[in-house]
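Student: Take this structure, written in structure tokens, and hold onto it; I'll ask about it next.
The values are calculated or read from the model by the stated rules, or taken from the named source; none is laboratory data. Bear in mind the structure is a predicted one, so any value in this text is a computation, not a measurement. Note that we place each Cβ from the backbone using ideal geometry, even for glycine, and neighbour counts take in every protein chain shown.
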Amino acid sequence: MHCLLTAGAYAAPFLINWKILVPVFVATILQHAIWGRCLLNAKHGLTEEDGSTFYSEVLERMGFHPNKAKLRFFVRKILYTLLTVITLLWQLILGKEPLWF
């Protein structure tokens, strides 16, 4: 489930209307700001005590060893803000319609 949601987030700016997507991205940003973690991680038994994130776990299983602190900062502080900006630029500034709804 988490893999599907994560992968979908990258394609979503081109598939889903900004009026739906921006609140979803804002909710994701807020969960990180309020609780300091992704709420789905608890469902996967992922502890974040050592700075792990879903991304670092997946990359480690693939044989990579990312800097967990930097990756966590990027995911929690930059990624979803960047996806929000991309969504708004693509759909509102460039006038591209989402492919699905």
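Student: For segment 1-18, which residues satisfy the criterion of being assigned to a helix (DSSP H, G or I) and exposed (fewer than 11 other Cβ atoms within 10 Å of the Cβ)?
Tutor: 3, 4, 7
Student: Shifting gears a bit: Would you mind telling me which numbered condition in (1) loosely packed, with under 15 Cβ neighbours inside 10 Å; (2) of a type in the set (Lys, Arg); (3) not in a helix (DSSP H, G or I) residue 37 fails?
Tutor: It is condition (1) that residue 37 fails.
Student: Next question, about the same structure. Regarding segment 51-65, can at least one residue be identified that is among the acidic types (Asp, Glu), at pLDDT 85 or above and not in a helix (DSSP H, G or I)?
Tutor: no
Student: Name the pairs: first residue in segment 83-96 and farther than 11 Å from residue 9 by Cβ, second residue outside any helix (DSSP H, G or I), Cβ to Cβ under 6 Å, at least 6 apart or on different chains?
Tutor: 90/96
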